[in-house]
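Worksheet: the structure to be examined is printed underneath.
Read the figures in this text as sums done on the coordinates, not as results from a lab. Keep in mind it's a predicted model, so treat the numbers as computed, not measured. All Cβ positions, even for glycine, are placed from backbone atoms using ideal geometry, and neighbour counts span all protein chains on display.
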Amino acid sequence: MTDHPEYNSEPTEADRLLDLYLATLQRFEPAPGFADRVMARVVVTKPGAVTVPVRRAAVPILLKRPVFGWSLAGSAALSSTALTLWVATNLPAIGATVIAVTQGAGTATWQALLGLVAVWSAWAGISAAAVLTSIGPGPVIGTATTAVFAMPLSTLGLWLAFRSAPHSRTRIHAAL
Amino acid sequence: MTQAWRLSNATDREVVEAACTGREDAYRELLRRYQRPVFSLIYRMVRDRELAEDLTQETFVKVLNALDTYRSEFKFSSWIFKIANNAAIDHLRRRQLDTLSLEGAPDAQTQERREATQLQLAARGESPLDEVQARELGSSIEQAIGTLRPEYRSCIILRHIEGRSYEEIAEVLDLPLGTVKTYIHRARAELMTILGPLRE
């Protein structure tokens with residue numbers, strides 16, 4: 001096809017003549033007063049009554065109701081608090097378990113790390129080794145475990161509690 | 001600078017936004033811009049002035065009362081032409097059914113029964129409106145367009161009278177781009193056949 005997709009090849013005399021015919025076509029006008037007749041049947045939107053269509057990520061239908069959102073937020077906060085308390089009260093036991101489990105591979109890695117630090121910098125190595133040896137790995141592991149479990153739950157709960165309600169549904173661009 | 005001046009220079013999208021804030025002049029601006037194109041499309045489709053005016057009015061009432069559902073990623077012209085074209089096509093389909101029923105009840109077994117169920121049409125005199133219509137649609141090209149299938153007719157009108165792109169016509173008619181090109185090509189071929197004898 002050429003630049004004119006109407007033609008299969010170069011425009012023929014017939015094509016040109018048809019274009020001349022088509023060029024004579026004009027738009028028609030409805031009878032006078034048409035706009036007034038339409039406007040008499042149109043409800044002019046009141047300012048502020050318009051809702052802006054907002055696209056949102058899909059949210060399960062249950063979460064659209066505030067009561068479910070607050071329930072989930074509450075249960076998330078409760079569970080994370082309970083988990084934090086449990087970890088705090090059982091810290092020695094958790095530490096002992098983690099140490100026991102990681103003793104084989106963990107101890108070797110720990111020693112290698114200390115050795116590496118000592119080789120890299122005598123002063124830093126000695127200081128780090130002294131601090132780490134005095135506190136031991138228990139508190140570090142306990143704190144990290146608590147944070148890992150508690151943060152996602154708390155964040156989810158807070159997001160559900162404070163997210164704003166949907167403004168309106170997205171409408172499709174359908175012919176009425 | 002007046003608000004009216006600004007509206008007449010604004011894009012369709014801006015005018016729709018203004019209408020959504022409650023400005024009646026924005027509604028009237030949309031009417032001013034589209035009443036002729038929409039009426040022309042429907043009139044050439046249904047070929048009856050009075051009916052075309054009713055369908056055009058219905059189209060505008062639907063569109064203007066649903067402006068808050070307009071999605072700005074689409075062209076406003078595509079949206080309104082789509083609704084107008086659907087209104088015309090729906091009417092043509094209904095008229096086809098009515099035409100069938102004018103022939104008599106489909107279950108009529110005998111000639112008498114068929115005649116009894118036929119609708120009697122009053123003879124229509126030539127009103128001033130008919131004269132206007134005959135003048136408007138009486139040219140050879142208008143008559144030739146009137147013989148095309150409705151979907152070919154829509155394509156030719158949107159392309160050659162409204163100057164719409166192939167892509168927009170595809171959007172308006174809900175057809176693949178290739179189908180639109182084919183329809184226009186075939187419609188042109190048919191028009192050339194019909195108008196052929198006039199060249200001599």
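Annotations
- Inter-chain Cβ neighbour average for residues B:30-42, partner chain, 10 Å: 3
- Evaluated on the range B:9-106, the Kirkwood hydrodynamic radius is 14.5 Å, with distances taken between all distinct Cα atoms.
- Relative contact order [Cα under 8 Å, 6+ residues apart], the range B:138-200, whole percent: 41 percent
- Per-residue mean of foreign Cβ neighbours for A:18-26 is 6 (Cβ atoms of other chains, 10 Å radius).
- Placed amide H near A:Phe28: partners under 5 Å, 5+ positions off or other chain: B:Ser40
- What the phi angles of the range B:181-196 give under the Karplus curve with 6.51, -1.76 and 1.60, with θ = phi - 60°, is a coupling list of 4, 5, 4, 5, 4, 5, 4, 5, 4, 5, 4, 5, 5, 5, 7, x Hz, glycine and proline written as x.
- In sequence order, calculated HN-Hα J values of the range B:61-70 (Karplus, 6.51, -1.76, 1.60; Hz; x Gly/Pro): 4, 4, 5, 5, 7, 10, 4, 5, 9, 5
- Using θ = phi - 60° in the Karplus curve 6.51 cos²θ - 1.76 cosθ + 1.60, the 3J(HN,Hα) couplings for the range B:7-12 round to 5, 5, 9, 7, 6, 4 Hz; x is entered for Gly and Pro.
- For the peptides B:19-29, A:26-36, A:69-79, the ranking by mean Cβ contacts within 10 Å, running from highest to lowest, is B:19-29, A:69-79, A:26-36.
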